[in-house]
Amino acid sequence: MDSAILLWIQETLRAPILNPVMIFITHLGDHGAVWLALTVLLLALPRTRKMGIACFLSLLLMGTTCDLILKNVVARIRPYEVIEGLECLVGPQVDYSFPSGHTASSFACAYVILRMATKKAAAVPALVLAALIAFSRLYVGVHYPTDVLAGMVWGVLCGIAGCRIVLSLPENRLRSLSH
């Protein structure tokens, strides 16, 4: 099923005009760069510092559990190495496929923003970007759909953990962390 979906995306949705856009979107998630930049911005502003701390903790948890442990334990080969006819639109990846770290970091931060933003509409751009990054991983041919689905779930779980840690800390402890 995974293979059929990826080949369908390649044959049906890929287009020369769309390829550079999807490659750009996928690179936004490289090393969690866009989410790390957003985290720094959130940490810099006093009104959003709690959210920034939760994003930081979520990304830290995601990076250690997903990228360092899960990927190496599961050791799933990238789809472009296995599926005949699947063309990878970006360079070879240096790690394993399951779960998608790009997707996990995206959904970790998007969840934190959704959970902690006072205006829930502020989370819409983060959720849209997270979904675009997740889909881009399929579009460029570097992840199976189940990798992306697992990345979404793992990211949300890391986001939940980050929020719970921050929201459980006494206010005076948070103030000392944010100075």
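Computed values, structure above
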| quantity | calculated |
| --- | --- |
| Spans of helices (runs of 4 or more DSSP H) in the range 1-47 with at least 1 residues charged (D, E, K, R) | 2-8 |
| Condition met for residue 87 (more than 20 Å from residue 131 (Cα to Cα), part of a helix (DSSP H, G or I) and of a type in the set (Asp, Glu)) | no |
| Some residue of the range 76-99 being surrounded by 18 or more Cβ atoms within 10 Å (Cβ to Cβ), in contact with a Leu (Cβ under 6 Å, 6 or more places away or on another chain) and among the aromatic types (Phe, Trp, Tyr) | yes |
| Within the range 10-26, tally of residues that are within 23 Å of residue 105 (Cα to Cα) and surrounded by 16 or more Cβ atoms within 10 Å (Cβ to Cβ) | 3 |
| Looking only at the range 34-49, and only at residues there that are within 16 Å of the chain's Cα centre (by Cα) and surrounded by 13 or more Cβ atoms within 10 Å (Cβ to Cβ), the one that is farthest from residue 135 (Cα to Cα) | 39 |
| Among (1) assigned to a helix (DSSP H, G or I); (2) of a type outside the set (Val, Ile, Thr); (3) touching a residue at least 60 places away in the same chain (Cβ under 8 Å) - the single one residue 72 does not satisfy | (3) |
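The numbers here are math on the coordinates, done by the rules we state, and not lab data. Small disclaimer: the values here were computed from a predicted structure and weren't measured. Heads up, the Cβs are rebuilt from the backbone with ideal geometry, glycines too, and the neighbour counts pull from every protein chain shown.
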